[in-house]
Each structure stands twice: as C-alpha cells, then as structure tokens.
1. Using only alpha carbon pairs under 8 Å that are at least six residues apart, calculate the relative contact order of the chain and give it in whole percent.
2. Quick check: the distance between the Cα centres of segment 145-179 and segment 29-65, to the nearest angstrom?
3. Could you work out how far the C-alpha centroid of segment 78-106 sits from that of segment 278-343, in angstrom?
4. Which angle from 0 to 90°, rounded to the nearest 10, does the C-alpha axis of helix 112-127 make with the longest principal axis of the chain?
5. Rounded, prolate or oblate: which fits segment 5-81, taking a ≥ b ≥ c as square roots of the Cα gyration tensor eigenvalues, rounded meaning a/c under 1.5, else prolate when a/b beats b/c?
6. Counting only C-alpha contacts under 8 Å and six or more residues apart, can you give the relative contact order of segment 140-232 as a whole percent?
7. Do you know the relative contact order of segment 5-81, to the nearest whole percent, from alpha carbon pairs under 8 angstrom that are 6+ apart?
8. So what's the net charge close to residue 292: Lys and Arg +1, Asp and Glu -1, counting the other residues with Cβ under 11 Å from its Cβ?
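Rule-based calculations on the coordinates, nothing more; no lab input. As the structure is a prediction and not an experimental result, all values here were calculated from the model. Using ideal geometry, Cβ is built from the backbone for each residue, glycine included, and neighbour counts are taken over all protein chains shown.
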Amino acid sequence: MPTSGADDRKIAILRRVIEHYVSTGQPVGSSHIAALPGISVSAATIRNDMAALEAEGYLAQPHTSAGRVPTDKGYRLYVDHLTSTDVAKAGRFDAVQRQQLGDFFDTAHFRLEETLHRTSLLLSQLTNYTAVVTGPAADEAQVRSVQVVALNDRIGTVVAVLSSGEVVNEPIEFDQVPTEAQISRATERLRAAFIGKTLSSVSFAARSDASSDSAAEHLAAQAARALGAGSARETVFVGGTASLTRAFDAVEVVRSVLEALEQQYVVVSLVRDMLNRGVSVAIGAEHGVEPLSACSVVLAPLVRDGETVGSVGVLGPTRMNYPAALATVEVVSDRLGRRLTEG
C-alpha cells in the first residue's frame, strides 16, 4: 500500500479495527470506529475507507454480520507498521508480572531441560498463548559424565550429563542379560571416549583384542550409538497448549493444531525456517505449515554468549495481540539468554 495521506488514514482505521477485533472477537462496523476518540473524519469517510480496505483484501465481511474482520493480509500490514513505541507500550508488565519474571529468572538454577520447560510455562502464563521454546543442541556441549544403567534384564539406559546442564537419557535394548561387571566396564569405556568431548565428535569403535570383554564392548558400542542418535535431536518445549482450546470455536481447527504440535519435527522445522529467514512474525499461511494455517507465530532468537542457540516464541490465533506478544517474547528471550550465559 502506498503512503499517501489517504492511505495513512486507511492504515489508522485498519489499526483501530484490528485492535477492537483482537479485544472482542466481534466484527467491527464503521459506526463503532467513528465513535472512537481521536477519529477526526466523518462516518461516511470511514465507511468508504473500510470498503476500500475490503476491496484491497485487508478486511473481510462475514456473511452473517454487517461488520468487518481483518484478514491475514490486514494483520501483516498492521504488524509491518508497528513501531518500537507501540511494542514498548504494549509490553509494560504490571507489578504481578514483573514479580513473576524476576522471581523466575533470579531463582532458575535448574538443569537446562527443566529451565527451558519452565520458561515455556512462564511465557504461556504471561501471554495466554501457547509457548514454544527451543534450546541448544546436545551435540554442542561437552560431556561431563556418562553411565550405563540396567533397568531390568532386557532394557537399560545410557545417561550423559553435558556442560550445558542438559541430561541426555537414551534407552538401550540388551541383546543378552549383562552382568554388573560388564555394565561397569562398558561405562568405563564410554567415560574414556566421551568425557571432555562433544557427543557428535566421538567416533566410538569397539575393541576386538584378546584382552577385551566382547560383551562389554558390544554394550558400550550400543550406548555410544544411542548417545549419537540422541544428540542429533533438537529439543522443543511446548507450554500452555490448553490455551488453544479456548482460542478457536471450531473443534476441527483445535484438533488439527494440537496434532501438529505433537509432532516435534514440525515445530522444530517451523522455528528453524523462521530463524533462518530472520522472520519474527509469521501470520497464518506465511509459515508454510498447513495444519497451523489458523495460527500466527511470534518468535525471538535465544542468544547465549553472542551466539544463537535456540528460540523463544508464542503460537496463537491470527487474532493475536501482536505488540504485546512481541514485547513479551523479546523480554523472556533476553532474560533466558542471560540466565544460560551465567551458567
């Protein structure tokens, strides 16, 4: 849309329509806009401008209502014209929220996964949207300790504690029942191979010399492969999915969105694509994930020591309070990044 005076007026009217629709969920009529304080043009001018916005695809008129609602194109124009002042104003937390933020990050001395999980819940509480938090990949951190544990005669687990604070826990299915001595020797082999290194940097090879315990070597190799597979997975924490059930009237939309969120690779791919494109807001179909086409995503990179190691974002209906979401995501991302940098 060009930036003539008339177009600036239409953008201002579109903004009022969106803000009212986000607040109420009800189609907006020209008479309501004309009655708002600060509107200095006639009701006839507003009707004409809203009709023009509809013709240009920024507004739509539900067949059951005389009012109009924003389209994804309208939301995009609105977001593109938000100023830093708009975002800052919308992001002013009340005393309870400030206390909540301060208490959380001042006392967030948990292991990495727990911190990311709790951050997703905090962000959802602050915004009333579903929060999506991704963190550093496991293969970026050094191994501090590693151990094989037998859960029963057939199933075990290999546990690695990383320098990032993350705990990688991967299942193992035993080919034969291991003895305690074999588990101990397998653990010793893993410690010699992995401690002080990243999971992805170790190429583990079982020994086959006469002095080696073949069963222990085989178990160590199994555990090493499990650790390698675990390090390749990106971790995503989704908090507050219940808020989506309140955001949409159509049950089929809720079901589609929840099913998409259950597939971790879908969420990780969406977030990675937005980060790669430098996009902070994706509205409706813009993010390219069809089951989430009724949703918008607001995202900020998670930065530790100057390096992007993940992301913090919210997912909600396109009828989202974008300025407040942008401000809250930015604050939480900044505080979480500083928490991770501090250790």
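1. 18 percent
2. Segment 145-179 and segment 29-65 have Cα centres separated by 63 Å.
3. Going from one Cα centre to the other spans 14 Å.
4. Roughly 10 degrees between the two axes.
5. Cα axes put segment 5-81 in the rounded bin.
6. Relative contact order comes out at 32 percent.
7. Result for segment 5-81 is 34 percent.
8. Overall, the nearby charge balance is -3.
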